[in-house]
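To start, the structure itself, in structure tokens.
The values are calculated or read from the model by the stated rules, or taken from the named source; none is laboratory data. Since the structure is predicted, the reported quantities are computational estimates derived from the model, not experimental observations. Backbone-built Cβ (ideal geometry, glycine too); neighbour counts: all protein chains shown.
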Amino acid sequence: MCTLALLSATAADPAGSEGSDRSGDQGPQLLPDDRAVAAATGRGIVALEAMTHVGPAVPGRRLAAALPVASLFSRRLRWSLAGIVAAVTGLAVASWLTTGDHPLHAAYITLLDIFAINHPALEEAPERKTLQILAGFLGLLLLPVLVAAALEGLGAFRSATALRRPPRGLSGHVVLLGLGKIGARVLVRLRELEIPVVCVESDPEARGLALARRMRVPVVLGDVTEEGVLEAARIHRAHALLALTSADTTNLEAALYARAVRPDLRVVMRLYEDDFATAVYRTLRAAHPAALTRSRSVTHLAAPAFAGAMMGRQILGAIPVERRVLLFAALDVAGHPQLEGRTVVESFRPGAWRVIALDTASPAQRLPDLSSTPGEAA
């Protein structure tokens, strides 16, 4: 295990800058050495620990559940259909016993009588005439039941494809504002973690609405700046608010309104400019010191990954450390004098880079994508 970062020492101070460039020594430290870790008493850390998985692979879970067949029809209609089926069976058995025909032929004649497409039994025995009359009455009863079944089934399918509304008693959920690219990916991750979510989206053509519909996630369509929209998402009983729209003003206004409704609500905002995100964070934390507030600039977090990709490095992932980013990349040691011919300890540069893994396989056996498994690469 190794320490990858030291968290800010001003996490509990409303005047702190929470990881910005102005935090100085009290801000987060990326890739500290052992001396800095030993001296940083009382500060949180981001540690790397090797873990192994023992046991069979767990299959992926389906995000969207299939529509139950029982929900297509009401209980009363199901009982009506069962009664008609029993009556048809009884008439078929009676026809078989009275006429002596083959059971399949008796059932066929009964169905013809029910649908009124058989010849009248004018010259048949009285028992046969009675059965034909009863089958005719049963056919009259069958028609409205079939119409009701068709209407209920159509209504059930329309309800399944429509957006769900938040249940009245919902609480402890996450309100996700915005179903664009980022919002849709966050929604998938939250559902994988089995966290209840209510989405709020103003654009009826947003790309994430189809995903929310398939996953049966409640959605509130409306402008979050309008009165009653966040209330419809049960914001007063929510666990957290994720404001992930592409408009900074919308995210900020939603956060301020949510805090006015519930001061201790956890809030995470997506903001474009990092200095603005820092100022918003400090203001909200000073106004609500007991609540958990996070504001992140997406461009600021993504910039290191883009820069690393332009330098020809294979980006494996990134970990946000407060307002800074710890980037994981793979590169060839050959051609880098800071790494070539050195041990892992000798190549370590505090605050700059650190080698955490070595691929000792031959060039022909190396995976083209280190983030994939050998089975996926094959």
Looking only at segment 174-199, and only at residues there that are assigned to a strand (DSSP E or B) and in contact (Cβ under 8 Å) with a residue 40 or more places away in the chain, the one that is farthest from residue 217 (Cα to Cα): 177
Boolean, residue 278 is modelled with pLDDT of 70 or more, outside the structural domain of residue 355 (by TED's automatic domain parsing), within 21 Å of residue 244 (Cβ to Cβ) and crowded, with 18+ Cβ neighbours inside 10 Å: yes
Hits in segment 212-228 - residues which are in contact with a helix residue (DSSP H, G or I) (Cβ under 9 Å, 6 or more places away or on another chain), in contact (Cβ under 8 Å) with a residue 24 or more places away in the chain and not hydroxyl-bearing (Ser, Thr, Tyr): 212, 213, 215, 216, 217, 218, 219, 220, 221, 224
Subset of segment 129-168 (residues that are in a helix (DSSP H, G or I), at pLDDT 85 or above and not aliphatic (A, V, I, L, M)): 129, 130, 132, 136, 137, 139, 144
Residues that are of a type in the set (S, T, N, Q) and buried (at least 22 other Cβ atoms within 10 Å of the Cβ), drawn from segment 233-248: 245
Counted residues, segment 219-249 - those being of a type in the set (Lys, Arg) and either out of contact with any Gly (no Cβ under 8 Å at 6 or more places or on another chain) or part of a strand (DSSP E or B) (or both): 1
Residue under evaluation residue 309, criteria (1) out of contact with any Asp or Glu (no Cβ under 7 Å at 6 or more places or on another chain); (2) of a type in the set (A, V, I, L, M, F, W, C); (3) modelled with pLDDT of 75 or more, criterion not met: (3)
Any hit, segment 155-171, residues being closer than 21 Å to residue 268 by Cα and surrounded by fewer than 16 Cβ atoms within 10 Å (Cβ to Cβ): yes
Subset of segment 198-232 that is among the small types (Gly, Ala, Ser), on the phi < 0 side of the Ramachandran plot and in contact with a strand residue (DSSP E or B) (Cβ under 8 Å, 6 or more places away or on another chain) - its residue that is surrounded by the fewest Cβ atoms within 10 Å (Cβ to Cβ): 232
Residue tally, condition over 17 Å from residue 171 (Cα atoms) and without any contact (Cβ under 8 Å) to a residue 40 or more places away in the chain, over segment 229-245: 0
Top-ranked residue of segment 88-111 - restricted to ones that are surrounded by fewer than 18 Cβ atoms within 10 Å (Cβ to Cβ) and among the hydroxyl-bearing types (Ser, Thr, Tyr), ranked as modelled with the lowest pLDDT: 99
Residue in segment 201-218 that is modelled with pLDDT under 90 and assigned to a strand (DSSP E or B) present: no
Options 191, 213, 207: the member that is of a type in the set (Lys, Arg) and in contact with a Ser or Thr (Cβ under 8 Å, 6 or more places away or on another chain): 213
